[in-house]
1. Would you mind stating whether S38 is among the hydroxyl-bearing types (S, T, Y) and in contact with a strand residue (DSSP E or B) (Cβ under 7 Å, 6 or more places away or on another chain)?
2. Can you tell me which residue in segment 73-86 is most open to solvent (accessible area, probe 1.4 Å), limited to those that are in contact with a Gly (Cβ under 9 Å, 6 or more places away or on another chain) and within 20 Å of S55 (Cα to Cα)?
3. Please give the strands (runs of 3 or more DSSP E) falling wholly within segment 7-50 in which 2 or more residues are under 15 Å from C152 (Cα atoms).
4. Suppose we filter segment 174-196 for residues that are at pLDDT below 90, more than 17 Å from the chain's Cα centre (by Cα) and not hydroxyl-bearing (S, T, Y); how many remain?
5. If the requirement is being over 16 Å from the mean Cα position of the chain (by Cα) and open to solvent by 40 Å² or more (accessible area, probe 1.4 Å), which of these qualifies: E54, E26?
6. Given the structure, is S24 at pLDDT 95 or above and among the polar types (S, T, N, Q)?
7. Quickly run through segment 58-72 and pick out the residues that are surrounded by fewer than 18 Cβ atoms within 10 Å (Cβ to Cβ) and under 15 Å from the mean Cα position of the chain (by Cα).
8. Taking the residues in segment 166-195 that are more than 18 Å from L132 (Cβ to Cβ) and small (G, A, S) as candidates, determine which candidate is most open to solvent (accessible area, probe 1.4 Å).
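The values are calculated or read from the model by the stated rules, or taken from the named source; none is laboratory data. Please read all numbers here as calculations on a predicted model, not as lab measurements. FYI the Cβ positions are ideal-geometry reconstructions off the backbone, even for glycines, and counts take in every protein chain you see. In case anyone asks, the SASA skips ligands and DNA or RNA and just uses the protein heavy atoms, side chains included. Shrake-Rupley method; radii C 1.70, N 1.55, O 1.52, S 1.80 Å.
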Amino acid sequence: MTTDTHRVIRPNILYFGTPVVLLSTENEDGTVNLAPISSAWALGQCVVLGLGVESRTVRNLAERPDVVISLPSPGLWRNVECLAPLTGADPVPESKRAVYRYEHDKFSAAGLTPQPSDLVRPPRVAECPLQLEARAVALTPGGEGGFRTVECQVLRVHADERVVVPGTHHIDPGVWSPLIYNFRHYHGLTPELGHGFRSETAGAAARVG
């Protein structure tokens, strides 16, 4: 007989191992807002983001839909954490004042470097191995009105050549891994256990080697 070792819990958050992304958007005065989020997933050439309704990023995307989605590596977790208590909203929304403070130049505050984009106005984050130029195409209310689900169409992907399988357009998962936010703790990926039957990179990497 199998013993059930599970119990019912009520966690405050459901961040079960999601990747961190940095969102560059344009403020109304032409300056840049940079925000870390940990609710992002991709489907084809679309990336879906989950954002707090009071964030500067949501306001920017509603008015200026260009966005860059930069994916940091695990080594950048301290830079990401520097951004965590900052907001680009001025004045700071009342619900955030106990925890967040306003910061005009978030790139400098986090020790990160803006890099010009090709197709959109906001800059990329130079230190991030993967950078996705995109445009928001739909903002949908969610989370009992406290969040917005933002659907973004990816227009161009920039990848550091060191993480690309030579001679291909494939990211080598043996070289690069995303920064993972796991129940408010930062993690990198553990060593590979194996690969799926549809993996294209496993065969490509073997041929190069």
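1. Details: among the hydroxyl-bearing types (S, T, Y): yes; in contact with a strand residue (DSSP E or B) (Cβ under 7 Å, 6 or more places away or on another chain): yes.
Yes, satisfied.
2. Step one: list which residues in segment 73-86 are in contact with a Gly (Cβ under 9 Å, 6 or more places away or on another chain), which gives 73-75, 77-79, 82.
The next check asks that each one be within 20 Å of S55 (Cα to Cα); those that pass are 79, 82.
Numbers: N79: 36, C82: 65 Å².
My answer is C82.
3. On the way: elements: 21-26, 32-37, 40-43.
Filter on segment 7-50 gives 21-26, 40-43.
4. Residues flagged as at pLDDT below 90, more than 17 Å from the chain's Cα centre (by Cα) and not hydroxyl-bearing (S, T, Y) within segment 174-196 amount to 7.
5. E54
6. yes
7. Hits for segment 58-72: nothing passes.
8. Among those that are more than 18 Å from L132 (Cβ to Cβ) and small (G, A, S), it is G167.
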